[in-house]
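Q: Handing you a structure now.
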Protein chains: 2
Amino acid sequence: MTETTPRGGPAPDQFRELARQLRVDSVRAAAAAGSGHPTSSLSAADLMAVLLARHLQYDFQRPDHPGNDRFILSKGHASPLLYAAYKAAGALDDEELLTFRKQGSRLEGHPTPRRLPWVEVATGSLGQGLAVGVGMALSGKRLDRIPYRVWVLCGDGELAEGAVWEAAEHAAYEHLDNLTALVDVNRLGQRGPTRHEWDLDAYARRLKAFGWHVVAVDGHDVEDVDRALHEARSTAGQPTAVLARTVKGKGVASAEDREGLHGKPLPDADAAIAELGGPGRLRVTVQAPPAARVLRATRSGHLELPRYERGAEVATRDAFGQALAALGTARGDVVALDGEVGDSTRAELFAKEHPERYFECYIAEQQLVAAAVGLARRGWVPYAATFAAFLTRAHDVVRMAAVSGADLNLVGSHAGVAIGQDGPSQMGLEDLAMFRAVPDSTVLYPCDAPQTARLVAAMADLDGVRYLRTTRGATPVLYGPGEEFPVGGSKVLRSSGADRLTVVAAGVTVHEALAAAAALDREGVPVRVVDLYSVKPVDRRTLRAAAEQTGCLLTVEDHRQEGGIGDAVLDAFSDGSPVPRLVRLAVTGVPGSASPAEQLRAAGIDAESIAAAVRLLVEHVVR
Amino acid sequence: MTETTPRGGPAPDQFRELARQLRVDSVRAAAAAGSGHPTSSLSAADLMAVLLARHLQYDFQRPDHPGNDRFILSKGHASPLLYAAYKAAGALDDEELLTFRKQGSRLEGHPTPRRLPWVEVATGSLGQGLAVGVGMALSGKRLDRIPYRVWVLCGDGELAEGAVWEAAEHAAYEHLDNLTALVDVNRLGQRGPTRHEWDLDAYARRLKAFGWHVVAVDGHDVEDVDRALHEARSTAGQPTAVLARTVKGKGVASAEDREGLHGKPLPDADAAIAELGGPGRLRVTVQAPPAARVLRATRSGHLELPRYERGAEVATRDAFGQALAALGTARGDVVALDGEVGDSTRAELFAKEHPERYFECYIAEQQLVAAAVGLARRGWVPYAATFAAFLTRAHDVVRMAAVSGADLNLVGSHAGVAIGQDGPSQMGLEDLAMFRAVPDSTVLYPCDAPQTARLVAAMADLDGVRYLRTTRGATPVLYGPGEEFPVGGSKVLRSSGADRLTVVAAGVTVHEALAAAAALDREGVPVRVVDLYSVKPVDRRTLRAAAEQTGCLLTVEDHRQEGGIGDAVLDAFSDGSPVPRLVRLAVTGVPGSASPAEQLRAAGIDAESIAAAVRLLVEHVVR
């Protein structure tokens, strides 16, 4: 534990001494910051000390070591404890510890892997750590077959999140005995007692019912904790939860089990530090991981994308499934996840070719995306697919994935009113807005099969959150097999020097725009048509040229007016350059059931509606 | 059951005959539509028959009868069964039944209360029915004290949704013995077997652990089902789940327990109808509810909003809590819900005054919003509050609330980078985008305490989803106590005939914009400042005037560039009228920890950044 750890591992007194130091450093960090969560750190200090000093296998010099255990602080607000542990392990020094929460510091209020290499995933939105941990444990167990463990330190309050139970179900179903949840049952949430307070049995009943092995311990009895972690490591066939009864603020009498102290530095930090025995200079030697090698073939072959005949009718969701299967053949690092709709999204086409890299997450979209985040953080290239509408269920997970800087592909099928009879509950109408607002995201919306196939392949190599939107019904193949679709580009499908305005469309409305343009052309009203398949980033050059040359952009989208293609177009003009007239056709109100064609008509985004809007604009508005 | 139901209630044969008719009508409706989910209807037909003929107390002539039981079809895709039941109850006729899924029909693919008065809430996004049912059961038990029951028919597949377990936890904790979940365990999801198939005990263990009374039955044995529903009605102190083992496609041999038939009309509907015994003309007499009166005082007094001194520093979250408490005093129909952060959102100020109308939902944002939907549908005016960032967790619930046409107030605190040290996980930076894209929503973002108080009161009387965004830190009081803030309006805070451009701000950036304007004024650069407190709808008139008079709008927001105030401004110009130059200052990338002032500076949305942007624009861009 110290530099001279005996071979048999640390003695209980050494655990206690380490825990004492973790507490002191937690109090010191929060005091230096003038904010933070010391009491939430104090409750879990003994758990952390035993884990760090005996059970964790981790090389802080090589955070990318494939054999490393993975530690996730799901209760991310207890970051002072995490940073105190990093300091005890020699990963950072005391000076840096005291930069906690200051501008420019790596030690943020809630930990993120953007700044610290030992943080597996950003936390701070409660109830997500276990879900991501399941993805990492799946990687170890089902893909890389490396015997690392995933340790997730959870709060008790966050067990109220449904996402935790999606994760619990998934972990048990997949027999993830390499996953351990340490639950810091300190009885107090931020505004008062949790629902179950110290009723450990309430949590034990639930977790056991979900198929977990459960050990209840006194979270301040280091020997008890040590035994529990040994038990977790030796339990086969199921994940283990260590339920630790703890006291919030433990070690500082005036703070112990007291309400009103959540998320605040201790009122008298100096006295607290003295009460805890003063600063320590312990340095713990964390066990090195065993040698491990990642054997996956990242690129095993040439990518042979599916080919489509021009003029054939193919749904872009079909092209997605076919392209993903092909991509999986070419690349051994591509994996796919399904939310129990793989027959609809066509992710099942990947499953047929690569069942070993396919993960069925059932109807649990938060878990679907969180597992993808976990796999992405372990180096895989995940594609998680469900209906676009149901990805809203995972909005917070997507948000946190972006905070993590995770690279992952999300695919939403059944976009827009074009799905037809199923009605509004199944229509993705806000997905573009949701994904555009994700920092550093990419948002793609193809209109035909070859374009879809190319974009499915291209998105694998981008950074951050990549989103692809697909359509339920068949659409004509417009593009030839050699056509390129750079991200950030667009395609001008019709253009002349006499264009009266420009119709900007994407996905299903591209075909409506082309039909409208053909009809208008017969009337002597030439219009330009742009296929804006890259909704973010947008093709600034093409849109600006269209604005300059035609003066007016008419956007048409199978999406809400807010946050979609109409707003995206503005991204091309937001530097102070002149803005053209912008008219937006989009879905308003709540549609009912109807055929796809009736839906497009009712929403005012079909060819006839576009042509009517153009006629009106040409007559009354544009020069 | 028929018009001549004997006094003792229907005999088992009558249940069976009704179930037979429900099956036939389900098959007929889907056949007429050419789409839909007959097999998912057939599995639950016996459950529905027994419920309808004996246990449900409901007056179809008076769907607003306060004593009515409430039935929620959580597995909304089984809508053919629901409509068949409505027909059997005489609520609609056979002709209308066969309009299923056609344009203009009230019988949508998934039921919504927008079109049918007997539908309690829109379903179709799985795993939400129980959550909303909890809200309705809370209304009956804790508020109105009317002994109606809430019956929720769930699928087995949807129990994988975490939202279901948030609801299960909430229901048991509140001892909602007026709530019954009927789970149609038909073993098959849409793409294949569910995780637990026919392992009823797996579900029973989980639900029991969560505190539910559980009865397992053969879902096709009407006597067994009848006994179970009696047991549910006579169970006190806890909610009951009736786990029914059923066969998907039951009654049509070629469809029974067969994969690949989900969501499709039966291949040979005529043969299926013949096999089921042909159409029936049963008319069931549904039990009338007992007399019941709603005693709540909707408006018990004069609204006395809190008053603030101009120049004082008050956080808008404080003003929200104070105004909500005052509103609760004036109106007996206002209720509040907390996601275990009431001390932060200040919803706790309402709790202190009106504890009987305050609902603690713990850290479960889907349940927080779904319970609010349930309360709204029972006539309450709910305010549900948590951090703006965590409302993303409930995005799908909000989306479905809009499909329902539910009227509810959502309040997101801790908006933007201005929260400071806690870092990106806690920053609401996409909430405006998310709520703007909700159909018929209202989005409000006040900058000071009096404005907040007025808007909190005003939003109670609006339609649809209303969202209010509040700020963590204190901001100066700008407005006097008599100032009005109409929804859809804005305030011009600085204006002159010589304005070089217009700064459009809201919330925290209003104060930055004013400081920038003062500095610029000293430099001889007058700018207009607009407080756009109503982000949706926007004040078209004021923005157009500003555009005409100053030529350029500079938007400044503590939010992502996509979907926020910068995009909202475009709503004022989307009818083809000339668009001014639009420049947007917003948050890009992923912030770290820093003080609030440092955050605003780093994001480029503080006074100095605004002034710098104006100088640049004035020098190089605007005339």
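Q: I'd like to verify a number: residues in region B:319-339 that are under 12 Å from B:L349 (Cα atoms) and in contact (Cβ under 8 Å) with a residue 60 or more places away in the chain, how many?
A: Residues that pass the stated criteria total 7.
Q: I would also like to ask the following. Confirm whether A:D440 is charged (D, E, K, R) and touching a helix residue (DSSP H, G or I) at 6+ places or on another chain (Cβ under 9 Å).
A: Yes; evaluated as a whole, the condition is true for this residue.
Q: Now a separate question. Among the residues of region B:127-150, how many are closer than 24 Å to B:W198 by Cα and not in a helix (DSSP H, G or I)?
A: Number of matching residues: 2.
Q: Here's another thing I want to ask about it. Does A:D448 qualify as being charged (D, E, K, R) and crowded, with 22+ Cβ neighbours inside 10 Å?
A: Yes, satisfied.
Q: Moving on to the next point. Mind listing whichever residues of region B:447-504 are among the basic types (K, R) and under 27 Å from the mean Cα position of the chain (by Cα)?
A: The answer is B:R454, B:R466, B:R469, B:R472.
Q: Where residues in region A:275-302 are of a type outside the set (G, A, S) and open to solvent by 90 Å² or more (accessible area, probe 1.4 Å), which of them is modelled with the lowest pLDDT?
A: It comes out as A:R299.
Q: Would you check if there is a residue in region B:511-530 being at pLDDT 95 or above and under 25 Å from B:D463 (Cα atoms)?
A: No - not one qualifying residue is present in region B:511-530.
Q: Please tell me if A:R191 is of a type in the set (D, E, K, R) and under 27 Å from A:A89 (Cα atoms).
A: No.
Q: Still on this structure: Condition first: open to solvent by less than 40 Å² (accessible area, probe 1.4 Å), within 22 Å of A:Q426 (Cβ to Cβ) and assigned to a strand (DSSP E or B). Now tell me which residues in region A:303-353 satisfy that.
A: Listed by number, the residues that qualify are A:V314, A:A315, A:A336, A:L337, A:D338.
Q: Something else now. Conditions: (1) more than 17 Å from A:P591 (Cβ to Cβ); (2) open to solvent by 10 Å² or more (accessible area, probe 1.4 Å); (3) over 15 Å from the mean Cα position of the chain (by Cα). A:R399 meets all but one. Number of the miss?
A: (3)
Q: Could you check, for region B:393-413, whether at least one of its residues is touching a residue at least 40 places away in the same chain (Cβ under 8 Å), in contact with a strand residue (DSSP E or B) (Cβ under 9 Å, 6 or more places away or on another chain), hydroxyl-bearing (S, T, Y) and part of a helix (DSSP H, G or I)?
A: no
Q: Which one of these does B:V294 not meet: (1) farther than 29 Å from B:P147 by Cβ; (2) assigned to a loop (DSSP other than H, G, I, E, B); (3) under 24 Å from the mean Cα position of the chain (by Cα)?
A: (1)
Q: Give the residue, chosen from A:A84, A:A45, A:A89, A:A33, that is aliphatic (A, V, I, L, M) and within 14 Å of chain B (Cβ to nearest Cβ).
A: Testing whether each residue is aliphatic (A, V, I, L, M) and within 14 Å of chain B (Cβ to nearest Cβ) leaves just A:A33.
Q: Hey, another quick one. Pairs please, first residue from region A:273-296 and within 20 Å of A:A30 (Cβ to Cβ), second anywhere and of a type in the set (S, T, N, Q) and open to solvent by 20 Å² or more (accessible area, probe 1.4 Å), Cβ atoms under 9 Å, 6+ apart in sequence or on different chains.
A: Pairs found: A:E275/A:S254; A:L282/A:T2; A:L282/A:Q14.
Q: Continuing with the same structure: In region A:421-456, what count of residues is obtained for those that are more than 8 Å from every other protein chain (Cβ to nearest Cβ), under 18 Å from B:V403 (Cα atoms) and in a loop (DSSP other than H, G, I, E, B)?
A: Qualifying residue count, region A:421-456: 1.
Q: Additional query: In region A:83-133, what count of residues is obtained for those that are among the aliphatic types (A, V, I, L, M) and either surrounded by 24 or more Cβ atoms within 10 Å (Cβ to Cβ) or closer than 23 Å to A:H395 by Cα (or both)?
A: The qualifying residues number 11.
Q: Considering every residue within region B:116-125, establish whether at least one is outside any helix (DSSP H, G or I), assigned by TED's automatic domain parsing to the domain that holds B:H170, farther than 28 Å from A:A597 by Cβ and within 17 Å of the chain's Cα centre (by Cα).
A: Yes, region B:116-125 contains a residue that is outside any helix (DSSP H, G or I), assigned by TED's automatic domain parsing to the domain that holds B:H170, farther than 28 Å from A:A597 by Cβ and within 17 Å of the chain's Cα centre (by Cα).
Q: Is it true that some residue in region A:376-387 is charged (D, E, K, R), on the phi < 0 side of the Ramachandran plot and in a helix (DSSP H, G or I)?
A: Yes, region A:376-387 has at least one match.
Q: Of all the residues that make up region A:399-420, how many are under 27 Å from B:I565 (Cα atoms) and more than 8 Å from every other protein chain (Cβ to nearest Cβ)?
A: Selection size over region A:399-420: 7.
Q: All but one of (1) within 26 Å of B:V456 (Cα to Cα); (2) free of Cβ contacts under 8 Å to residues at least 40 places away in the same chain hold for B:V538; state the number of the condition that does not hold.
A: Evaluating B:V538 over (1) within 26 Å of B:V456 (Cα to Cα); (2) free of Cβ contacts under 8 Å to residues at least 40 places away in the same chain leaves (2) as the failure.
Q: Still on this model: Does A:S139 fit the bill of being among the polar types (S, T, N, Q) and more than 8 Å from chain B (Cβ to nearest Cβ)?
A: It is true that A:S139 is among the polar types (S, T, N, Q) and more than 8 Å from chain B (Cβ to nearest Cβ).
Q: Report the residue count in region B:263-272 for those that are without any contact (Cβ under 8 Å) to a residue 40 or more places away in the chain and not in a helix (DSSP H, G or I).
A: 2
Q: I'm trying to understand the selection: among the residues of region A:60-85, which are of a type in the set (S, T, Y) and more than 28 Å from A:D144 (Cα to Cα)?
A: Answer for region A:60-85, where residues must be of a type in the set (S, T, Y) and more than 28 Å from A:D144 (Cα to Cα): A:S79, A:Y83.
Q: While we're here: Quick one: how many residues across region B:476-492 are more than 29 Å from B:D407 (Cβ to Cβ) and touching a helix residue (DSSP H, G or I) at 6+ places or on another chain (Cβ under 6 Å)?
A: Here the count works out to 1.
Q: Let me ask something else. Which pairs have Cβ atoms under 7 Å, sit 6 or more apart or on different chains, and link a residue in region B:23-46 that is under 14 Å from B:Q190 (Cβ atoms) to one that is of a type in the set (V, I, T) and surrounded by 24 or more Cβ atoms within 10 Å (Cβ to Cβ)?
A: Partner pairs satisfying both residue conditions: B:P38/B:V27; B:S43/B:T246.
Table: residues versus (1) under 20 Å from A:E275 (Cα atoms); (2) over 27 Å from the mean Cα position of the chain (by Cα); (3) small (G, A, S).
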position: A:A11; (1), (2), (3): no, yes, yes
position: A:R20; (1), (2), (3): yes, yes, no
position: A:R28; (1), (2), (3): yes, yes, no
position: A:L42; (1), (2), (3): yes, yes, no
position: A:A49; (1), (2), (3): yes, yes, yes
position: A:L56; (1), (2), (3): no, no, no
position: A:H65; (1), (2), (3): no, no, no
position: A:K75; (1), (2), (3): no, no, no
position: A:E108; (1), (2), (3): no, no, no
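Q: Any idea which of B:V529, B:V556, B:V535 is touching a Lys or Arg at 6+ places or on another chain (Cβ under 9 Å), over 20 Å from B:V622 (Cβ atoms) and β-branched (V, I, T)?
A: The match here is B:V535.
The values are calculated or read from the model by the stated rules, or taken from the named source; none is laboratory data. The model shown is predicted, which means the values in this text are computed figures rather than measured ones. Counting neighbours? That spans all protein chains shown, and the Cβs are built from the backbone with ideal geometry, glycine included. Heavy atoms of the whole protein, side chains included, go into the accessibility calculation; ligands, DNA and RNA do not. Shrake-Rupley method; radii C 1.70, N 1.55, O 1.52, S 1.80 Å.
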